[in-house]
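Encoded as structure tokens, the structure appears first; notes follow it.
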Amino acid sequence: MTKNYPSPDQPVASADLRNVMGYYLTGVTIVTMTGPDKKPYGLTVTSFNSVSLSPPLILWSLDNRNDKLPLFQDAGGFAVNIMAADQLALCRKFAAADNDRFLNCDWCFGKYGQPLIKNALANLECRPWAEYDGGDHTIFVGEVMSIKHNRGKAAAFFNGKLGQHEG
Ligand SMILES: Cc1cc2nc3c(=O)[nH]c(=O)nc-3n(C[C@H](O)[C@H](O)[C@H](O)COP(=O)(O)O)c2cc1C
């Protein structure tokens, strides 16, 4: 079914953008950061992408309503954990409210002090490169300082559902 959008002069409704972006298949990441109290924090993120190879830059965006926004803005960096197909429960846990996300999650501090989730497909430790206004989100660009990766199938997100990519 083809849907036509009304006016060329007005941007589309946010619900229409949300729906159409559901048709863009992505992997699933958990972005983590160490707070000033040395405690780990993390959330499930699909807005991750690469930006530049030289220098090696990646980006992701954080909802401005997230109360950890100032922590990410002041942090010495963050890590992007690219989640494996058998880690969908963790992807759900790190998007759900009111739970101790790192409890029963196998993780360690990386070389640059950021929390790395073990058995993820990859862990990228980043230091801050730039931060941009992205409407109701803040775009964080990080310079990748260290990479670990494993082989395996990937967690995927499509049409509002978490699933597995056969790889
Ligand atoms: C598949 C999926 C992708 C998500 N991607 C993002 C994202 O790119 N940016 C973001 O700010 N929140 C994203 N979220 C929502 C956050 O994970 C969720 O709001 C966050 O965990 C709330 O954290 P808090 O309880 O610490 O505020 C996503 C959630 C899911 C389930």
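When Leu57, Leu53, Leu69 are checked against the criterion of being open to solvent by 60 Å² or more (accessible area, probe 1.4 Å) and among the hydrophobic types (A, V, I, L, M, F, W, C), a single residue qualifies: Leu53.
Here Gln73 fulfils each of the conditions (1) more than 12 Å from the ligand (Cβ to nearest atom); (2) farther than 18 Å from Gly35 by Cα; (3) part of a helix (DSSP H, G or I) apart from (2). Contact map, segment 129-145: first residue over 18 Å from Ser52 (Cα atoms), second residue among the aromatic types (Phe, Trp, Tyr), Cβ cut-off under 9 Å, separation 6 or more or different chains; pairs are Thr138/Phe72; Thr138/Tyr132.
Residues in segment 22-46 that are outside any strand (DSSP E or B) and either more than 8 Å from the ligand (Cβ to nearest atom) or aliphatic (A, V, I, L, M) (or both): 10 in all. Just one residue in the set Leu17, Leu62 is touching a helix residue (DSSP H, G or I) at 6+ places or on another chain (Cβ under 8 Å) and at pLDDT 95 or above; that residue is Leu62.
Would you be able to say whether some residue in segment 101-115 is open to solvent by less than 30 Å² (accessible area, probe 1.4 Å) and either in contact with a Lys or Arg (Cβ under 6 Å, 6 or more places away or on another chain) or β-branched (Val, Ile, Thr) (or both)? No, segment 101-115 contains no residue that is open to solvent by less than 30 Å² (accessible area, probe 1.4 Å) and either in contact with a Lys or Arg (Cβ under 6 Å, 6 or more places away or on another chain) or β-branched (Val, Ile, Thr) (or both).
When Phe94, Phe158 are checked against the criterion of being aromatic (Phe, Trp, Tyr) and either open to solvent by less than 30 Å² (accessible area, probe 1.4 Å) or touching a helix residue (DSSP H, G or I) at 6+ places or on another chain (Cβ under 7 Å) (or both), a single residue qualifies: Phe94. Checked against (1) modelled with pLDDT of 95 or more; (2) near the ligand (Cβ under 9 Å from one of its atoms); (3) not β-branched (Val, Ile, Thr), Ala97 passes all but a single condition, namely (1). Based on what the data block shows, is Asp63 more than 15 Å from the chain's Cα centre (by Cα) and either more than 10 Å from the ligand (Cβ to nearest atom) or not basic (Lys, Arg) (or both)? Against the criterion (more than 15 Å from the chain's Cα centre (by Cα) and either more than 10 Å from the ligand (Cβ to nearest atom) or not basic (Lys, Arg) (or both)), Asp63 does not qualify.
The values are calculated or read from the model by the stated rules, or taken from the named source; none is laboratory data. Please read these numbers as outputs of a predicted model, since none were measured by experiment. Heads up, the Cβs are rebuilt from the backbone with ideal geometry, glycines too, and the neighbour counts pull from every protein chain shown. For accessibility, only protein heavy atoms count, side chains too; no ligands or nucleic acids. Shrake-Rupley method; radii C 1.70, N 1.55, O 1.52, S 1.80 Å.
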